[in-house]
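Structure record follows, encoded as C-alpha cells.
Bear in mind these aren't lab numbers, they're just calculated from the coordinates by the rules spelled out. All values reported here derive from a predicted model rather than from experimental measurement. We place every Cβ from the backbone using ideal geometry, glycine too, and count neighbours over all the protein chains shown.
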Amino acid sequence: MSSKNQTFDLLLDEFVNYLIVERRLADNTVESYQRDILRFLDFVSSKRIQNIENVKIDTIRSHLKNLMESNLSSVSLARHLASIRVFYRFLVNERKLKEDPTTYLESPKLWSRIPTVLTLKEVDSLLNQPYTKTALGLRDKAMLEILYAAGLRVSELVSLRTNDINLQSGYLVSTGKGSKERIIPIGESARIKTEEYLNNVRPQLLKGSKMPELFLSRFGRKMTRQAFWKIIKKYALSAGIKTNLSPHSLRHSFATHLLAGGADLRAVQQMLGHADISTTQIYTHVMKDRLREVYDKFHPRK
C-alpha cells in the first residue's frame with residue numbers, strides 16, 4: 001500500500017512496523033490501521049499538503065466529514081478516528097511531531113446507522129431452522145447457538161479451537177481484536193448442542209485427520225467466514241426474516257437483548273471485547289429507538 005506522497009509512504013511503513021514489532025498486534029488489526037491511515041494520507045495529499053506537520057485539526061475534521069458523507073457507517077467512522085489518534089501518538093512519541101492535533105478533536109457520535117437487531121421471536125425462529133437429524137444441520141445449529149450465546153464476531157466464531165471451550169463449566173475463551181482474550185459464559189442450549197456436535201459430528205468431519213478448530217467444513221477443514229455467511233443467509237430465508245441479516249446481526253442482537261434484560265453496560269462491553277465503552281453505547285441508542293417505535297405505535301395519546 002502506498003499513498004501519493006513518498007514522505008507519507010515512509011511514515012506509513014514506520015507506523016506499520018511499530019504496530020507489528022512493538023505493539024504486536026494481529027495481522028487483521030494491522031491491516032485495518034494501515035488501510036485507515038492510507039486513506040487519511042491520500043486525503044491529505046489531495047489537499048496538496050506535503051508535510052505531516054502542516055496537517056491541522058481542520059483537515060482531519062474535513063477527512064472525517066468526507067467519510068461520513070460517503071455513507072461510511074458510524075462504527076467505521078469511529079474506528080477511522082481511533083486509527084488516526086494512534087497514528088498521531090506514534091508520530092509524537094517518535095518525535096516526528098511536537099504536538100498531537102487530535103488531542104482536542106471531538107469524537108463523532110455513533111449515530112448514522114442503527115445496526116440490524118432481531119426480535120427474540122426472530123432469533124428463536126432462526127436458531128430452530130437447522131435440521132439437527134443430519135450431521136451438518138447439527139453443526140450449523142451449534143454454530144448459531146454459540147454465535148448468539150456469546151455475541152462473537154464471525155471471525156472469532158470460525159477461529160474457535162476445541163480447547164477454547166469448557167462445556168462442563170459453561171464458558172469459552174475468545175481471541176478478539178488486538179489478540180486480546182476474553183472469557184464469555186454460554187447458556188445451556190448452546191452448551192448442549194455444542195457437546196452433541198463434538199461427540200457425534202466433528203469426528204465424522206475429521207475423517208481421522210487432526211484440526212484444532214472447533215467448527216469444520218464438510219471437507220474437514222476450518223470453516224470460513226464466507227461459508228458461514230452463506231449458511232446464516234440460507235436459514236434467515238427459510239425463517240422468513242426479511243431484514244438485511246448478517247452474522248454480525250446476532251452479535252448486535254446479543255448485546256441489545258442483554259441490555260434490555262437489565263445487564264450492566266460494562267459487563268456487555270467486556271463480553272463483546274470492546275476497548276472503548278462508547279462503541280458499546282450504540283446499543284443503548286438501539287433500545288431507545290425501539291422504545292420510541294413501540295410508543296408511537298401503541299400509546300393512545302402520542
Using only alpha carbon pairs under 8 Å that are at least six residues apart, calculate the relative contact order of region 120-297 and give it in whole percent.
24
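Please tell me the relative contact order of region 6-104 in percent, rounded to the nearest whole number, where contacts are Cα pairs under 8 Å and at least six residues apart.
Details: 54 pairs, mean separation 25.9, N = 99.
That works out to 26 percent.
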Most mobile listed residue (D276, D42, D140) in the chain, GNM with C-alpha springs under 10 Å
D276
Exposure proxy check: H248, H257, H63 ranked by fewest other beta carbons within 10 Å?
H248, H257, H63
Which one, (i) 16.9; (ii) 15.7; (iii) 19.2, gives mean projected area of the Cα convex hull in nm² as derived from the coordinates shown?
(iii)
Along region 144-152, what does the Karplus equation 6.51 cos²θ - 1.76 cosθ + 1.60 (θ = phi - 60°) give for ³J(HN,Hα), rounded to whole Hz, x for Gly and Pro?
5, 4, 5, 4, 7, 5, 10, x, 6
Name the residues whose placed amide hydrogens come within less than 5 Å of the amide hydrogen of Y171, ignoring near sequence neighbours (fewer than 5 apart) on the same chain.
N166, I186
Hey, which of these cross-link pairs are over 30 Å Cα-Cα: K180/K207; K121/K180; K133/K180; K177/K222; K193/K242?
K180/K207; K121/K180; K133/K180
If you build a Gaussian network model of the chain, linking Cα atoms that sit under 10 Å apart, which residue out of S189, S159, S249 swings the most?
S189
As I understand it, the value is the acute angle between the Cα axis of helix 74-93 and the longest principal axis of the Cα atoms of the chain; what does it come to in degrees, rounded to 10?
50
Which of the peptides 80-87, 43-50, 92-99, 124-131 is most tightly packed, and how do the rest follow, judged by the mean count of other Cβ atoms within 10 Å per residue?
80-87, 124-131, 43-50, 92-99
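Could you give the semi-axes, largest first, of the ellipsoid that matches region 6-104, computed as the square roots of 5 times the alpha carbon gyration tensor eigenvalues and rounded to whole Å?
Value: 19, 17, 12 Å, ordered largest first.
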